[in-house]
Amino acid sequence: MAKQAVAVVGTGQTKFRSHHADKTYIELAQDAAKMALDDAGMVPDEIDAVVFSMSPTHFMGINDVDRYAIEHVWGAGKPFMRVHTGGATGGSAIQAGYFHIASGVYDTVLVVGADRVAETPDSQHVLNLIWDRFYEHDFALNTVTMTAMAAQRYMHKYGTTEEQFAKVVVRGRKNAMKNPTAHLKGDITVEDVLNSPEVSYPFKRFDICPRSSGGAAVVLTNLDVAKRKCNRPAFMTGVSSITHSIFMGDRQGYWSDTEFADQDAYNRAGHECYRQAGIVDPVRDVDVLELYDPFSTFQFPALESLGFCGRGAATAINEDGGWELDGGIVAVNPSGGTLCTNPIGVTGLVRAADAAKQIMGRAGEMQVKNAKRAIATAIGGSTQFFTVTALSDDHVS
Amino acid sequence: MSKAKNKSNTKAKAKSKPKSKAKTKTTALDDVPFNNMVFPGEWHVRYNYSVGKVAGHFFEGLKERKILATKCTKSGMAYLPPRAYCERSFEACDSWVEAGQEGTIESATIVSAQFEGLPKPPYAIAYVRLDGVSTAMVNFVEGENLSDVRKAMAKMKPGTRVKVKFKAKPEGRITDFHYRLAR
């Protein structure tokens, strides 16, 4: 158990777009750090340690870029660590920040990072390099093709159609219109998604997230400081993660103890997070979700594994508006989610920051009424790393 | 060290500044044009990957058109790709077993877009669990007409039977074989 309660008291995000030609990488991270500190009403001297959120650095093209950023995020002279769990990086980074404080070792921690995924012309070329050279690398695996196969398996299990997945994209882009930092946003139709160029069945281009550039940061602190600094902190009441083997073939078929199509790790990670946070029934107890959904096919299995509905039921609930911001079962991705914005190294951090802003009442036009409990998730690697984080207006769970 | 030096130099200069009356024109930080400069760059890194004993035996097997899995007696699981240790029982795998050359599709996709450094589309890939093996292994599915993606995908649903086809002269690489739909 945590020795100290931990709260988010400040968040910062730059605008996300394909390129920030007016900034270097480290200046983007710095902008986010400055915004989070300003939001927390703090100066760098009040930060005890820095956690740097950054996944593969091949996209932006400077190896192990965390060291390049140290001074710019005011890490010099302080404990500093980089966290890297692929797409789950930001989710793991904020949890590392949580452990720093919950352990009683530090009082206040800055979790910060940036990415610029489109600095190299084809990010999937880089992502193909995560698989081993002996057995899997040669078979065109990348994050698009691996999740396409999981989606095909899900469709076979539950009968969800491409058109039904397209509706998730339409909802996301609509929600993102109220998010000042979102990369893609706007009124699009199911036909627009279905008619966008084929990539890897069942994915068309609009089923897939953009390659985003931008920075994100959160300031975490303990209960005493949070009380002084913030009228409505977002307490981190649950942190959990589950990790899998690199081999996705281990998660498919009769012998498997988990299920590739279902994002099944969320089931265990979710239960552990709910136990810590005192969430008995997620449908009743959770008001907002910020799900990691870089593909149109991610929300349904995630919602099912996280216990918001039964297996295979999320599609029909979506048709009935159950995942809308008003009047649904739970408000899913008021920010537009990862489908609209994916700066890989900080995507999980953006999920957590957007969830925290809901609890803090600082979500602006995205604000969900009476948001008291939120869940933020992230997934990374060869569908390997799953993180679930609970945020609450109350530190007593 | 050098940073500290620079700092003290700056301080020294700042201190001496009032003495010299020379006026230098200053520009506000933001009061400069944005020239949108981009510097191109590339990385080239070469490697020699050591294959190891377990994988080495697997690749020797491929040269003889055999697909060799490792088996753990305690859990009953047979692994492809082969593993030294069972991920279920945490015991060392204790034997090599030959996998069947037919199997079942667990998941598949047809790729229609060109990715840098990856094959020319269209192509199909699938995770297939070979007979007698507990885990699925990815490879290309060849020999299908992929011009109509949805029609071709309808033939590659999970549960579809496939067979292994080796190339004429196996070289001990994973690309020595591919899958074809069994009919």
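In Å, what Rg and Dmax follow from the Cα atoms of segment A:1-116?
Answer for segment A:1-116, Rg first and Dmax second: 13.7, 45 Å.
Of A:K3/A:K227; A:K174/A:K369; B:K66/B:K165; A:K229/A:K369; A:K227/A:K357; A:K167/A:K204, which ones are farther than 21 Å apart at the Cα? Intermediate results must be reported in sequence, preceding the final value.
Numbers: A:K3/A:K227 17 Å; A:K174/A:K369 18 Å; B:K66/B:K165 11 Å; A:K229/A:K369 23 Å; A:K227/A:K357 17 Å; A:K167/A:K204 13 Å.
Checking Cα-Cα distances, A:K229/A:K369 exceed 21 Å.
For segment B:19-95, run through the chymotrypsin sites (Phe, Trp or Tyr not before Pro) and keep only the ones in DSSP coil with at most 16 other Cβ atoms within 10 Å of their Cβ. Working shown, then result.
Working: sites: B:F34, B:W43, B:Y47, B:Y49, B:F58, B:F59, B:Y79, B:Y85, B:F90; in loops: B:F34, B:W43, B:Y47, B:Y49, B:F90.
The qualifying sites are B:F34, B:W43, B:Y47, B:Y49, B:F90.
Defining a contact as two alpha carbons under 8 Å apart and six or more residues distant in sequence, what relative contact order in percent does segment A:294-383 show? Show your work: numbers first, answer last.
Numbers: 77 pairs, mean separation 18.7, N = 90.
Worked out over segment A:294-383, it gives 21 percent.
May I ask for the net charge around A:N63, where only other residues with Cβ less than 15 Å from the Cβ of A:N63 are counted and Lys, Arg are +1 while Asp, Glu are -1?
Details: positive: A:R67, A:R82, A:R116; negative: A:D64, A:D66, A:D115, A:E119, B:E42.
Neighbourhood net charge equals -2.
Over segment A:103-191, what relative contact order in percent results from Cα pairs under 8 Å that are six or more residues apart?
Numbers: 42 pairs, mean separation 13.2, N = 89.
Across segment A:103-191, relative contact order equals 15 percent.
I'd like to know how the protein assembly as shown sits against the 2.2 N^0.38 Å rule of thumb: what's its Cα Rg over that expected value? Show your work: numbers first, answer last.
On the way: Rg = 25.3 Å, N = 580, 2.2 N^0.38 = 24.7 Å.
For the protein assembly as shown, the normalised Cα radius of gyration comes out at 1.03.
Given the rule -39500 (n - 2.57) for each run of at least 4 DSSP H residues, summed and divided by the residues of chain A, what is its mean residue ellipticity at 222 nm, to the nearest 500 deg cm²/dmol?
Working: 13 runs with 127 residues, N = 397.
Roughly -9500 deg cm²/dmol at 222 nm, from the helical runs in chain A.
Hey, fewest Cβ within 10 Å first, where do A:H125, A:H183 land in order? Working shown, then result.
Details: A:H125 15, A:H183 22.
The fewest-first ordering by Cβ neighbours comes to A:H125, A:H183.
Using Cβ contacts closer than 10 Å as the measure, can you line up A:H156, B:H44 from fewest to most? Working shown, then result.
On the way: A:H156 18, B:H44 4.
By the 10 Å Cβ count, ascending: B:H44, A:H156.
What is the mean projected area of the alpha carbon convex hull for segment B:69-183, to one decimal in square nanometres? Intermediate values should be presented prior to the final figure.
On the way: hull surface 33.3 nm².
Result: a mean projected hull area of 8.3 nm².
As a test of the definition: which semi-axes, in Å, follow for segment A:42-82 when you take the square root of five times each eigenvalue of its alpha carbon gyration tensor? Largest first, please. Walk me through the intermediate numbers first.
Working: eigenvalues 94, 16, 13 Å².
After diagonalising the Cα gyration tensor, the semi-axes are 22, 9, 8 Å.
So what is log10(I(q)/I(0)) for segment A:165-219 at q = 0.22 1/Å, when the Debye sum runs over its Cα atoms only?
-0.85
Please check chain B for the longest run free of GluC sites (Glu not before Pro) that are loop-located per DSSP (anything but H, G, I, E, B) and have at most 14 other Cβ atoms within 10 Å.
On the way: sites that count: B:E42, B:E64, B:E91, B:E116, B:E142, B:E171.
Longest run free of exposed loop sites: B:1-41.
In what order do A:T243, A:T85, A:T338 fall by count of nearby beta-carbon atoms within 10 Å, going from fewest to most?
The fewest-first ordering by Cβ neighbours comes to A:T243, A:T85, A:T338.
Straight-line reach from B:K169: which aspartates and glutamates have a Cα under 17 Å away, not including same-chain ones fewer than 8 places off?
B:E60, B:E64
Cα atoms only: what Rg and Dmax, in Å, come out for segment A:176-335?
According to the Cα coordinates of segment A:176-335, Rg and Dmax are 18.1, 54 Å.
Just the number, please: Stokes-Einstein D of segment A:254-397 in µm²/s, Kirkwood Rh from C-alpha pairs, 25 °C, 0.890 mPa s. Walk me through the numbers on the way to the answer.
On the way: Rh = 15.1 Å.
My calculation gives 162 µm²/s for D.
Over the residues of segment B:56-104, compute the C-alpha Rg and express it relative to 2.2 N^0.38 Å.
Numbers: Rg = 10.8 Å, N = 49, 2.2 N^0.38 = 9.7 Å.
Against the compact-globule rule of thumb, the ratio is 1.12.
Can you give the Kirkwood hydrodynamic radius for segment A:209-298, in Å, rounded to one decimal and based on Cα pairs? Don't skip to the answer; put the middle values down first.
On the way: mean 1/r = 0.0603 Å⁻¹.
Hydrodynamic radius (Kirkwood, Cα pairs) of segment A:209-298 is 16.6 Å.
For A:K34, go through the aspartates and glutamates and keep the ones whose alpha-carbon is under 20 Å away, minus same-chain ones fewer than eight residues off.
Within reach: A:D22, A:D45, A:E46, A:D48, A:D66, A:E71, A:D107, A:D115, A:D354, B:D30.
According to the Kirkwood expression over distinct Cα-Cα pairs, how big is the hydrodynamic radius of segment B:81-148, in Å? Please list the in-between numbers first.
Working: mean 1/r = 0.0703 Å⁻¹.
For segment B:81-148, the Kirkwood estimate is 14.2 Å.
Taking amide H positions as placed 1.01 Å from N in the peptide plane, with prolines and chain starts having none, which residues 5 or more places from A:D293, or on another chain, fall under 5 Å of its amide H?
So A:D293 has HN proximity to A:T338, A:L339.
Based only on the alpha carbon positions, what is the Kirkwood hydrodynamic radius of segment A:97-195, in angstrom? All intermediate terms of the calculation are to be shown ahead of the outcome.
Numbers: mean 1/r = 0.0566 Å⁻¹.
Taking the inverse mean of 1/r over all distinct Cα pairs, segment A:97-195 comes out at 17.7 Å.
Only the coordinates and a few stated rules stand behind these numbers; no lab work does. As the structure is a computational prediction, the values presented were derived from the model and not from experiment. Cβ coordinates were reconstructed from backbone atoms using ideal geometry, including for glycine residues, and neighbour counts include every protein chain displayed.
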